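The values are calculated or read from the model by the stated rules, or taken from the named source; none is laboratory data. Since the structure is predicted, the reported quantities are computational estimates derived from the model, not experimental observations. For neighbour counting, all protein chains shown are included, and Cβ atoms are generated from backbone atoms with ideal geometry for every residue, glycine included. Protein only, heavy atoms only, side chains kept; ligands, DNA and RNA dropped before computing areas. Shrake-Rupley method; radii C 1.70, N 1.55, O 1.52, S 1.80 Å.
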Amino acid sequence: MNGAAPRVSVLVPFLDSAAHIERCVAAILAQDVPADGYETVLIDNGSQDGSRALAARFARARVVEELKPGAYAARNRGVAEARGDILLFTDADCAPDPAWLRHHVDALAEPGVEVVLGARRPGRESTPLQLMTLYEETKAAAIFGGAEKELYYGYTNNMAVRKRTLQALGGFDEVPRGADSVFVRRLVEREGERAVRYRRDAVVTHLEITTLRQWWAKHAIYGRSNQRNSRRTVTCRPMGMRKRWETYRAAVREHRLGFADTALLLAILTCGGVSHEAGRLLGRLGSTGARS
């Protein structure tokens, strides 16, 4: 890097990620931009499965350690280590597309933009997973192109942010889940909706998601996380049924889905909604138990 600080720091926390971390790092290092324009910082959060040794094989990646348990503690450590003024987050079970970094940086060049969120694709191609992805991308475009602040959320497996902006808001809360959404909501409350952009072309492949069952399980986790974070001062409100129906119809129209795919997508989303609400219920029960 000829002694000059890179403009972008890619930050990846990991914990026992031997199954995917090599593919993740290889994809990050294969971006279609000059290698001296970005650095890759991998934050080991206490791995015991050999994933740190796998990460250390990559000469262009820097491995640091965060002993405090939790992915957000690891991300905050990465922020402290980062030399770039743009922070680009992903997870060890994700593989970015070659143009991923470039699309994020291009979006941050727009006036007033402080955070960019990209698209997430499943690790396996199948008709059900492809339909689910079409809906999720349509939903994200609707939320992040809209004016309902309460719907805005975040996800650090595909998010870019200006370092000064994250630091000005105190970094990530070091909680088990949902600190990325809390951060985005705080930003939107302070700067307005124009501070957040969604880029469908800034893609990561979520290697861990290869079946609908895994996707539904993630929705249950998100539901539980949303419920636990609902007691915070700034929270994210899930889409209501009317908005979900409008998004479903928009996805059907935009992608010209036939009758069979339309019906299949509705069934997939119904099960996903049930999973999310089940997670919220478990979150409420857990909160009740903690207080009793």
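For segment 158-174, check the following and say yes or no: at least one residue is among the hydroxyl-bearing types (Ser, Thr, Tyr), under 17 Å from residue 11 (Cα atoms), at pLDDT 90 or above and assigned to a helix (DSSP H, G or I).
The answer is yes, given that some residue of segment 158-174 is among the hydroxyl-bearing types (Ser, Thr, Tyr), under 17 Å from residue 11 (Cα atoms), at pLDDT 90 or above and assigned to a helix (DSSP H, G or I).
Are there any pairs with C-beta distances below 9 angstrom linking a residue in segment 44-57 that is basic (Lys, Arg) to a residue that is in a strand (DSSP E or B), with the two at least 6 apart or on different chains, and if so which?
What qualifies is 52/14; 52/42; 52/44; 52/63; 52/65.
Could you say whether any residue in segment 114-131 is acidic (Asp, Glu) and open to solvent by 40 Å² or more (accessible area, probe 1.4 Å)?
So far as segment 114-131 goes, yes, one or more of its residues are acidic (Asp, Glu) and open to solvent by 40 Å² or more (accessible area, probe 1.4 Å).
Do you know which residues across segment 40-89 are open to solvent by less than 10 Å² (accessible area, probe 1.4 Å) and in a strand (DSSP E or B)?
Hits for segment 40-89 are 40, 41, 42, 43, 44, 86, 87, 88, 89.
Out of segment 189-212, which residues are farther than 20 Å from residue 139 by Cα and open to solvent by 60 Å² or more (accessible area, probe 1.4 Å)?
Passing the criteria: 189, 190, 191, 208.
If the Cβ limit is 6 Å and pairs must be 6+ apart or interchain, which residue in segment 63-74 that is modelled with pLDDT of 95 or more pairs with which residue that is open to solvent by 40 Å² or more (accessible area, probe 1.4 Å) and of a type outside the set (Asp, Glu)?
Within 6 Å, the pairs are 63/56; 66/77.
Looking at residue 225, is it at pLDDT below 95, farther than 21 Å from residue 138 by Cα, small (Gly, Ala, Ser) and open to solvent by 30 Å² or more (accessible area, probe 1.4 Å)?
No, not satisfied.
Within segment 27-39, how many residues are loosely packed, with under 15 Cβ neighbours inside 10 Å and in a helix (DSSP H, G or I)? Show your work before the answer.
Applying the first criterion (loosely packed, with under 15 Cβ neighbours inside 10 Å) to segment 27-39 yields 30, 32, 34-36.
Retained after the next criterion (residues that are in a helix (DSSP H, G or I)): 35-36.
Residues in segment 27-39 being loosely packed, with under 15 Cβ neighbours inside 10 Å and in a helix (DSSP H, G or I): 2 in total.
Consider residue 276 against the criteria (1) closer than 19 Å to residue 138 by Cβ; (2) at pLDDT 65 or above: it satisfies all of them except one. Which criterion is unmet?
For residue 276, the failing item is (2).
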